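Have a look at the structure below, then the notes.
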Amino acid sequence: MTVNIQLKQTIDNSYQISIDKLKSQKFDSKVAIITNPKVAGLHLSHLLKHISAKELYIITITDGEEFKKQETVDMIMQNLFNHKFNRSSMLIAFGGGVVGDITGFVASIYQRGIEFIQIPTTLLSQVDASVGGKTGINNKFGKNLIGAFYQPKHVYIDTHFLSTLQKREFSAGVAEIIKMAVTFNKEFFNWLQTHNLNDGDNLKTAIKKAIQTKAAVVSQDEKEKGIRAALNYGHTFAHVIENETNYTQYLHGEAVAIGMVMANELAVKLSLMTAQEADLIKILLQSYDLPTSYKIKNIETFYEAFFLDKKSTDKKIKFILPKHIGDVEIKNDINKAILLDILNGFMIHD
Ligand code: GLY
């Protein structure tokens, strides 16, 4: 005997991303702002001028990727239960990628799902992490291995919050902007070559172009069954570099910059792009003082570390390789000898 459960339905998870000065928001429900002490110290008073709610709570989590873990999720949920949050309550993620990922994850599981809003305060989270509904936490097996695709109700991008960003953090965000242009938008790449993001309204324009590019990808492939994986360009190499350096030497965007240069060398080797195109990308990264080189100590160890990446399935490593500039190819059949040859170029040679 078989019983069918008919679940075919069209779910509209569409939402808007406002790139503008933050406007006043009034909520008729309970709201919790999840943030960290650094962001709260710098910007909470500004945010609170714009938010009113039936009941408003601030939940502060410790800053740092190492706190994106189950214990922090439990602490946040404990607070929500204590304050009797229910399915009509709202969470606001106010911070960078860690705050956004963990808030979104809590929103996805608290009482089987409540709404959340993203108000990202770093450039990296404004152009990438806050858009597209990737939420999650880390565990001892790796980064973001527990989580859900769970879309926010709205994303509010206000460049006011970037005024306190350190130069390195700004550049790390620019790396993700360049990533978006190289993989999907040649015109945007050309624009980036001629427009300094420190000047005038250029940053706002670049944020808009990067988000439009990402939104088009996410709209086609929300759950990363195909083309969305291309947004991980540079990340296969970057994750190994971050791991080898214990997440202390490079900001994520900096490791991605090095990873893009490595991916480009592989793409040149496979004749997917020219050496001149790879140089143009390197020059653009360097113009924002992003690192573009890394000294590999042992290429075999580096190679083996690829397989720890959760996106490597069945002993196949997934590489996102640019096809010229503005297009991309996803490959998982790259010969080990070719890879070792590329890694050898980054070896320390005495
Ligand atoms: N950061 C890559 C993605 O959202 O798919």
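One table, with the values for the structure above:
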{"quantity": "Heavy atoms of Leu203: accessible area, 1.4 Å probe, square angstrom to 10", "calculated": "20"}
{"quantity": "Calculated FRET value between Asp327 and Ser88, using beta carbons and R₀ = 41 Å, to 0.05", "calculated": "0.40"}
{"quantity": "Nonlocal amide H pairs with Asn185, under 5 Å, H built at 1.01 Å", "calculated": "Gly326"}
{"quantity": "GluC sites (Glu not before Pro) restricted to the stretch 196-282 and DSSP loop, no more than 16 other C-beta within 10 Å", "calculated": "Glu222"}
{"quantity": "Residues whose placed amide H lies under 5 Å from that of Lys323, excluding near-sequence neighbours", "calculated": "Val328, Glu329"}
{"quantity": "Formal net charge of residues neighbouring Gln249 (Cβ-Cβ distance under 14 Å; K, R +1; D, E -1)", "calculated": "-1"}
{"quantity": "Within the chain, longest stretch free of exposed trypsin sites (Lys or Arg not before Pro) [DSSP loop, at most 12 other beta carbons within 10 Å]", "calculated": "141-222"}
{"quantity": "Mean accessible surface per residue for the chain, computed with a 1.4 Å probe while every protein chain stays in place, in Å²", "calculated": "49"}
{"quantity": "Accessible heavy-atom area order of Glu304, Glu71, highest first, probe of 1.4 Å", "calculated": "Glu71, Glu304"}
{"quantity": "Student exercise, the stretch 93-179 dipole from Lys, Arg, Asp, Glu Cβ charges, in Debye to nearest 20", "calculated": "260"}
{"quantity": "Folded to 0 to 90 degrees: helix 97-109 orientation relative to the chain principal axis, Cα", "calculated": "50"}
{"quantity": "Acute angle (nearest 10 degrees) that the helix 275-286 long axis makes with the longest principal axis of the chain, alpha-carbon atoms", "calculated": "40"}
{"quantity": "Amide H within-cut-off set for Ile51, under 5 Å, with H built and near neighbours excluded", "calculated": "Gln25"}
{"quantity": "Extension reserve of the Ser29-Ile5 stretch, reckoned as 0.36 nm per residue once the Cα distance is removed", "calculated": "5.3 nm"}
{"quantity": "Amide N of the stretch 44-69 lying under 16 Å from the label point, which is placed 7 angstrom from the Cα of Tyr247 along Cα→Cβ", "calculated": "61-69"}
{"quantity": "Given charges at Cβ of Lys, Arg, Asp, Glu: the chain dipole, positive-most of Ser29, Tyr233, Ile330", "calculated": "Ser29"}
{"quantity": "Share of carbon and sulfur in the accessible heavy-atom surface of the stretch 10-113 [1.4 Å probe, %]", "calculated": "50"}
{"quantity": "DSSP beta bridge pairing in the stretch 11-148, given as percent antiparallel to the nearest 5", "calculated": "15"}
{"quantity": "Label-point separation, Asp74 to Gln16 (7 Å along Cα→Cβ), nm", "calculated": "4.1"}
{"quantity": "Accessible area of the stretch 189-331 belonging to carbon and sulfur atoms, whole % at 1.4 Å probe", "calculated": "48"}
{"quantity": "Rounded to 5, the percent of DSSP beta bridges in the chain classed as antiparallel", "calculated": "30"}
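The values are calculated or read from the model by the stated rules, or taken from the named source; none is laboratory data. Treat the numbers as computed from the prediction; the structure is a model and nothing was measured. Here the Cβ is made from the backbone with ideal geometry for all residues, glycine too, and neighbour counts use every protein chain on show. Side chains included, ligands, DNA and RNA excluded: accessible areas come from the protein's heavy atoms. Shrake-Rupley method; radii C 1.70, N 1.55, O 1.52, S 1.80 Å.
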